[in-house]
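Structure first, then comments.
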Amino acid sequence: MRPKINFTPGPSQLYFTVEDHVRTAFREGIPTLSHRSKQFEAIYRKSVDGLRTLLDIPENYTLVFTGSANEIWERIIQNLVEEKSFHLVNGSFSKRFFEIAQQLNKKPEKIEVAMGKGFDASMAIPAGTELIAVTHNETSSGVSLPMEVIAGLRAKNPGALLTVDAVSSLPYPAFDYTQFDSVFFSVQKGFGLPAGLGVWLINDACVAKAEQLLAKGISIGSYHSIPSLYSHALKHQNPETPNVLGIYLLAQVVEDMVRRGIQNIRKETEYKAAILYKALHDHGLINPFVQEKVNQSNTVIVAECGEHTEKITKLLVENGMQPGDGYGAFKKTQLRFANFPTHSKEQYELLVDTLAKV
Ligand SMILES: N[C@H](C(=O)O)[C@H](O)COP(=O)(O)O
Ligand SMILES: O=C(O)CCC(=O)C(=O)O
């Protein structure tokens, strides 16, 4: 059996209210509810309205549901790019987004830096770029992109749409949504839900761009094109049979988070991140992988453990904690720790105390 406390970045530990909500859902027949019923429309609306309240999302954004964030990468390229996207690549998932654009026969360009590194806004974006793709939180490396960098890119490139991958940072960041056009996440990270649901926020400029491409005769996909998702969202429905249970659970957990208060969630996230980074700094054998403070993620914290990785993992597991492996080439030398709203201060204090015993 896996340890009780799950620090893997995704799927991560379930939000602590999920089990009760699942029981209620089964009692109320949610898993087999018709996705064209009034009851489903009310659930859809509760989920969307709750997210708007929790994250303070402006009116000119529409929220739509997909299968996952991988799907959203693909839909973004299909719907918002005729030829040229530009990608800030600093890890496995930002790279994957770039590769999807290549696979869809577009002509993407990228700026790439090593794992563990971030960006400033000084880079030159090629003329004619239609979409800038940034990853707010690179799950593979624990690098976070400061909001000022996103705002800087926006200011210097007003003609391009800007999309933000917030897969492993939301609901923590207090985004200024006017600085971009599209943002997305999947629910198995910070929202602590079972996987299988992506949430995509698009503003009016995205809807206009997709319609422009369609009018030019360019394929923008079928049931999950922006116009199709958008027209169904107006009716509080999806074009297809969506993950009804997932949308229900999201509505419930978001309601719980609103009640708890986003400011409290943010403060606790920062406290937990601060004690873990301090523990890593002070430790003789382990270090934070991301060196520049400004790039250190508060939601996915990566520890460079080198030859001690296996020993540390064993000790944590013996104490009821499952760390996340390093990603890809770093599997045997790093550990990743998700710091999501479901991870309590006490769990983080236990983590820090246990690391001190290594
Ligand atoms: N691990 C990916 C990341 O952090 O970006 C993520 O899982 C992609 O999302 P989906 O697996 O939900 O498609
Ligand atoms: O370990 C992670 O960051 C999640 C892994 C993942 O989602 C993937 O590899 O597609």
Problem - Tabulated pairs, region 9-23, first under 25 Å from Val302 (Cβ atoms) and of a type outside the set (Ser, Thr, Tyr), second more than 16 Å from ligand 2 (Cβ to nearest atom) and outside any loop (DSSP other than H, G, I, E, B), C-beta under 6 angstrom, 6+ apart or interchain - result: none
Problem - Elements of type strands (runs of 3 or more DSSP E) in region 35-134, at least 3 residues being among the hydrophobic types (A, V, I, L, M, F, W, C) and within 22 Å of Ala195 (Cβ to Cβ) - result: 61-66
Completion exercise
Going through (1) exposed (fewer than 14 other Cβ atoms within 10 Å of the Cβ); (2) over 23 Å from Thr135 (Cβ atoms) one by one, Phe16 fails only at (1)
Fill in the blank from the handout: Glu148 vs (1) under 21 Å from Glu292 (Cβ atoms); (2) away from ligand 1 (no atom under 14 Å from the Cβ); (3) surrounded by 15 or more Cβ atoms within 10 Å (Cβ to Cβ): all pass except (3)
Handout entry: Scan of region 57-75 for residues that are of a type outside the set (Lys, Arg) and in contact with a helix residue (DSSP H, G or I) (Cβ under 8 Å, 6 or more places away or on another chain), ordered by number
Key = Ile57, Pro58, Asn60, Tyr61, Thr62, Leu63, Val64, Phe65, Thr66, Asn70, Trp73, Glu74
Exercise for the section: Could you give me the residue pairs with C-beta distances under 6 Å whose first residue belongs to region 325-337 and is free of Cβ contacts under 8 Å to residues at least 40 places away in the same chain and among the hydroxyl-bearing types (Ser, Thr, Tyr), whose second residue is away from ligand 1 (no atom under 15 Å from the Cβ) and not in a loop (DSSP other than H, G, I, E, B) wherever it lies, and which are 6+ apart or on separate chains? Expected result: Thr333/Gly306; Thr333/Thr309
Exercise for the section: Taking the residues in region 80-122 that are in contact with a Leu (Cβ under 8 Å, 6 or more places away or on another chain) and among the aliphatic types (A, V, I, L, M) as candidates, determine which candidate is nearest to Cys206 (Cα to Cα). Expected result: Leu80
Handout entry: Pair list, Cβ < 6 Å and 6+ apart or interchain, from region 280-293 residues that are surrounded by 15 or more Cβ atoms within 10 Å (Cβ to Cβ) to residues that are among the aromatic types (Phe, Trp, Tyr)
Key = Pro288/Tyr277
Exercise for the section: Hey, can you tell me all the residues within region 208-218 that are surrounded by fewer than 19 Cβ atoms within 10 Å (Cβ to Cβ), of a type outside the set (A, V, I, L, M) and part of a helix (DSSP H, G or I)? Expected result: Glu211, Gln212
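Are any of the residues in region 122-133 within 16 Å of ligand 1 (Cβ to nearest atom), aliphatic (A, V, I, L, M) and touching a residue at least 12 places away in the same chain (Cβ under 8 Å)? Outline the logic, then answer.
Applying the first criterion (within 16 Å of ligand 1 (Cβ to nearest atom)) to region 122-133 yields 133.
Now narrow it down to the ones that are aliphatic (A, V, I, L, M): 133.
Now restrict to residues that are touching a residue at least 12 places away in the same chain (Cβ under 8 Å): 133.
The answer is yes, given that some residue of region 122-133 is within 16 Å of ligand 1 (Cβ to nearest atom), aliphatic (A, V, I, L, M) and touching a residue at least 12 places away in the same chain (Cβ under 8 Å).
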Exercise for the section: Consider Ala205 carefully, then state whether it is part of a helix (DSSP H, G or I), more than 16 Å from ligand 1 (Cβ to nearest atom) and buried (at least 22 other Cβ atoms within 10 Å of the Cβ). Expected result: no
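Let's see how each residue does on (1) over 26 Å from Leu245 (Cα atoms); (2) assigned by TED's automatic domain parsing to the domain that holds Arg52; (3) of a type outside the set (Asp, Glu); (4) over 16 Å from the mean Cα position of the chain (by Cα):
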| position | (1), (2), (3), (4) |
| --- | --- |
| Ser140 | yes, yes, yes, no |
| Pro146 | yes, yes, yes, no |
| Val149 | yes, yes, yes, yes |
| Asn157 | yes, yes, yes, yes |
| Ser169 | no, yes, yes, no |
| Thr178 | yes, yes, yes, yes |
| Phe185 | no, yes, yes, no |
| Leu193 | no, yes, yes, no |
| Asp204 | yes, yes, no, yes |
Exercise for the section: Could you tell me whether Ile5 is in contact with a Leu (Cβ under 6 Å, 6 or more places away or on another chain) and crowded, with 17+ Cβ neighbours inside 10 Å? Expected result: no
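Residues Lys156, Lys189: which one is basic (Lys, Arg) and within 16 Å of ligand 2 (Cβ to nearest atom)?
Lys189
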Handout entry: Residues of region 33-83 satisfying the condition of being over 17 Å from Leu245 (Cβ atoms), within 16 Å of ligand 1 (Cβ to nearest atom) and of a type outside the set (Asp, Glu)
Key = Val64, Ala69, Asn70, Ile72, Trp73, Arg75, Ile76, Ile77, Gln78
Exercise for the section: Kindly list the number of the only condition in (1) in a loop (DSSP other than H, G, I, E, B); (2) within 16 Å of ligand 2 (Cβ to nearest atom); (3) more than 30 Å from Leu335 (Cβ to Cβ) that fails for Pro11. Expected result: (3)
Problem - Inter-residue pairs, beta-carbon under 7 Å, first within 24 Å of Thr53 (Cβ to Cβ) and in region 151-175, second at pLDDT below 95 and of a type outside the set (S, T, N, Q), 6+ apart - result: Ser168/Gly10
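Going by the conditions given, is Ala205 of a type in the set (Gly, Ala, Ser) and touching a residue at least 60 places away in the same chain (Cβ under 8 Å)?
Working: of a type in the set (Gly, Ala, Ser): yes; touching a residue at least 60 places away in the same chain (Cβ under 8 Å): no.
It is false that Ala205 is of a type in the set (Gly, Ala, Ser) and touching a residue at least 60 places away in the same chain (Cβ under 8 Å).
The values are calculated or read from the model by the stated rules, or taken from the named source; none is laboratory data. Quick caveat, the model's predicted, so the values are computed rather than measured. Neighbour counts run over all protein chains shown; Cβ positions are idealised from the backbone, glycine included.
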